[in-house]
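*Asks:* The structure that follows is given in the form of structure tokens.
The values are calculated or read from the model by the stated rules, or taken from the named source; none is laboratory data. Note that the coordinates shown come from a computational prediction; the quantities given were computed from them, not determined experimentally. Every residue, glycine as well, gets a Cβ built from its backbone with ideal geometry; the counts of neighbours run over all protein chains shown. Accessible surface is based on the protein model in full, side chains and every heavy atom, while ligands, DNA and RNA are left aside. Shrake-Rupley method; radii C 1.70, N 1.55, O 1.52, S 1.80 Å.
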Amino acid sequence: MSNSHALIGEGNEQIGLKTRAEKTKLIAAAGVGNFLEIFDFTVYSFFAAVIGRVFFPSDNPLVSLLIAVSVFGVGFIMRPLGSILIGAYADRKGRKSAMLLTIMLMAAGSALIGFAPPYEMIGWAAPLLIVLGRLLQGFSAGGEIGAATTLLMESADKNERGFFVSWQFIGQGLSSMCGALFGAGLTYFLSDEALHSWGWRVPFIFALLIIPVGLYIRAHINETFVGAEHDSTTGTTNPVKELITTHFRQFVIAIFMVMPMTLLMYIMVFYMPTYLKEITEMDATMSYMISAATSIVMIIFALLAGLACDRLPKRKPLALVIIAISLISSWLSFQLVTQFWPFFISLLVTIAALGALLTTGLLIIMEAFPRTVRASATAMTYGIGVTIFGGTAQIVVTWLLEITNKNPMAPFWYLGVMLVIAFIAYALFKEERYI
């Protein structure tokens, strides 16, 4: 067995970063791209109703919303292609090069959305610009998590992997919190006219200001793996082909393992402000503040799960318990949505489980694949899983709310069934730990 395919415990030790400065720089480099990815996705979701009226006008506001969240889903179409091409690029040319590419693509997509003229100004060219921006964002996002998260994991010592990987999702929590705070602040301080005219664009322009910082940091980190350096020992020239031919069963099951974290994120965090405005009489500012609070909880439990994983010989039992908690607490959230404090508490429990599952689930997946295909495996399982389940989640729950005359439990009818399927997938997955 070659070094790049060796399991932990077979005499191969991972060389981690030694100084606090090196660790801080790496975490910042890996986190900034994912922050931007989730931030842009979050603010689009939070402002879906506004974007729907600006770019997809209709006599029925719910129809405008449905079109807007459908365009939100369009970005996911490009995720599988991005995960394949950028994931393979990261396995061949290095994690660092792939991370620089993804952040530049994300910048282009964000600029198109942030500066697109409204429908009333240029007609159907306006929504086409939004669609193109979402396609670029989706392609970038497809490869982002594979390159950035594998770099984090491979830079850590074997007893710090959970802690390092958790920072990827701490970045997601920070981005969703920032997106929610932007939503709360803009809806509170701006009139409806100002919000529709220019206010919704502010967070997208804010994201563009962060991109030069991300490019600078990523250009000054160390590489952990370049496939070309190992071809003579591994024979790997096509990481995607090796993944499909050698690890197909694990790969397919891993896609269903991505499903619960994706659905919980896109329904319980990103869609929740829209859901609360449709189902309850809660004002927009309060719904955004609830999302900000849930993001803080997600950050805390992503970190706690990472620390716990570093002390557990097996991570799968923890993941199974987390999914069971998610099933019960999400049911309670929708059941109690009209009772503020019981709903809020059950929602926080659900988000705590989500934060823990993000770190635990992705670490289980990543460690089960050798380094020669790890970035491809991570990017493709996450990209395909998020496309199938995350890209359709808001469309499905909006449609269920429409056909059930806004039944508060409608989203759970979908989410609950999928969580049961995810529990089965985790039970079937073979947990391994490659270096």
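*Asks:* Once the Cβ-Cβ distance between Ser191 and Phe115 is put in as r, and R0 is 22 Å, what FRET efficiency do you end up with, to the nearest 0.05? Please list the in-between numbers first.
*Replies:* Working: r = 22 Å, r/R0 = 0.99.
It comes out at approximately 0.50.
*Asks:* Over the chain, with a Gaussian network built from C-alpha contacts below 10 Å, which listed residue (Tyr266, Tyr288, Tyr119) shows the highest mean-square fluctuation?
*Replies:* It is Tyr119.
*Asks:* Determine the shape class of region 252-379: with a ≥ b ≥ c the square roots of the Cα gyration tensor eigenvalues, call it rounded for a/c under 1.5, and otherwise prolate if a/b is greater than b/c, oblate otherwise.
*Replies:* prolate
*Asks:* Let me ask something else. Compute the distance from the alpha-carbon center of region 237-298 to that of region 351-401, in whole Å.
*Replies:* If we compute the Cα centre of each part, the gap is 7 Å.
*Asks:* Okay, moving on. If you build the convex hull over the alpha carbons only and average its shadow over all orientations, what do you get for the chain? Give it in nm² to one decimal.
*Replies:* Dividing the Cα hull surface by four gives the mean projection, 19.3 nm².
*Asks:* With a 1.4 Å probe and all protein chains left in place, how much of the accessible area of region 319-407 comes from carbon and sulfur atoms, in whole percent? Could the numbers behind the result be given before it?
*Replies:* Numbers: 1910 of 2600 Å².
Answer for region 319-407: carbon and sulfur cover 73 percent of the accessible area.
*Asks:* Here is a further query. With charges only on Cβ, +1 for K and R and -1 for D and E, what is the dipole size of the chain about its Cα centre, in debye, rounded to 20?
*Replies:* Values: 27 positive and 26 negative charges, 159 e Å.
Its charge dipole is roughly 760 debye.
*Asks:* Highest mean first, what order results for 337-345, 357-365, 123-131, 196-204 on Cβ atoms within 10 Å?
*Replies:* Highest mean packing first, the order is 357-365, 196-204, 123-131, 337-345.
*Asks:* If you don't mind, there's one more thing I want to ask. Full extension from Val321 to Thr338: what is 0.36 nm times the residue separation minus their Cα-Cα distance, to one decimal in nm?
*Replies:* Length difference between fully extended and current span is 3.4 nm.
*Asks:* Quick check: the angle from helix 125-155's long axis to the longest principal axis of the chain, C-alpha only, nearest 10 degrees?
*Replies:* Helix 125-155 sits at roughly 30 degrees to that axis.
*Asks:* Shifting gears a bit: How about Lys406: which lysines have a C-alpha closer than 19 Å to its C-alpha, ignoring those fewer than 8 places off in the same chain?
*Replies:* Correct list for Lys406: Lys277.
*Asks:* Once every DSSP H run of n ≥ 4 in the chain is given -39500 (n - 2.57) and the sum is divided by its residues, what mean residue ellipticity at 222 nm do you get, rounded to the nearest 500 deg cm²/dmol?
*Replies:* It comes out at -25500 deg cm²/dmol, rounded to the nearest 500.
*Asks:* Can you give me the angle between helix 284-309 and the longest principal axis of the chain, using Cα atoms only, in degrees from 0 to 90, rounded to the nearest 10?
*Replies:* Once rounded, one gets 10 degrees.
*Asks:* May I ask you to compute the full-extension gain from Ala293 to Leu208, defined as 0.36 nm times their residue separation minus their alpha-carbon distance, rounded to one decimal in nm?
*Replies:* That pair, Ala293 and Leu208, stretches by 28.1 nm at full extension.
*Asks:* If you roll a 1.4 Å probe over the heavy atoms of the protein chains, what accessible area per residue do you get for the chain, in Å²?
*Replies:* Values: 16090 Å² over 435 residues.
Counting only protein heavy atoms, the per-residue value for the chain is 37 Å².
*Asks:* Taking the dipole about the Cα centre of the chain, with the C-beta of Lys and Arg at +1 and of Asp and Glu at -1, give me whichever of Leu152, Met380, Ile403 is farthest to the positive side.
*Replies:* Of the options given, the answer is Leu152.
*Asks:* Let me ask something else about it. Would you report the distance distribution of C-alpha pairs in region 347-419 as whole percents per 5 angstrom bin, up to the bin with the largest distance?
*Replies:* 3, 14, 16, 20, 18, 13, 8, 5, 2, 1, 0
*Asks:* Once the Cβ-Cβ distance between Asn159 and Lys314 is put in as r, and R0 is 22 Å, what FRET efficiency do you end up with, to the nearest 0.05?
*Replies:* With a Förster radius of 22 Å, E is 0.90.
*Asks:* Going down the table (Lys93/Lys430; Lys158/Lys316; Lys96/Lys316; Lys25/Lys241; Lys25/Lys430), which pairs top 27 Å between alpha carbons?
*Replies:* Details: Lys93/Lys430 29 Å; Lys158/Lys316 17 Å; Lys96/Lys316 30 Å; Lys25/Lys241 33 Å; Lys25/Lys430 33 Å.
Pairs exceeding the cut-off: Lys93/Lys430; Lys96/Lys316; Lys25/Lys241; Lys25/Lys430.
*Asks:* Another one. Which residue, Val417, Val269, Val373, tops the fluctuation ranking in a GNM of the chain built on C-alpha contacts under 10 Å?
*Replies:* It is Val417.
*Asks:* What angle, in degrees between 0 and 90 and rounded to the nearest 10, separates the Cα long axis of helix 20-46 from the longest principal axis of the Cα atoms of the chain?
*Replies:* With rounding to tens, the tilt is 30 degrees.
*Asks:* Which one, Leu36, Gly306, Leu186, is farthest towards the positive end of the dipole of the chain when Lys and Arg carry +1 and Asp and Glu -1 on their Cβ?
*Replies:* Gly306
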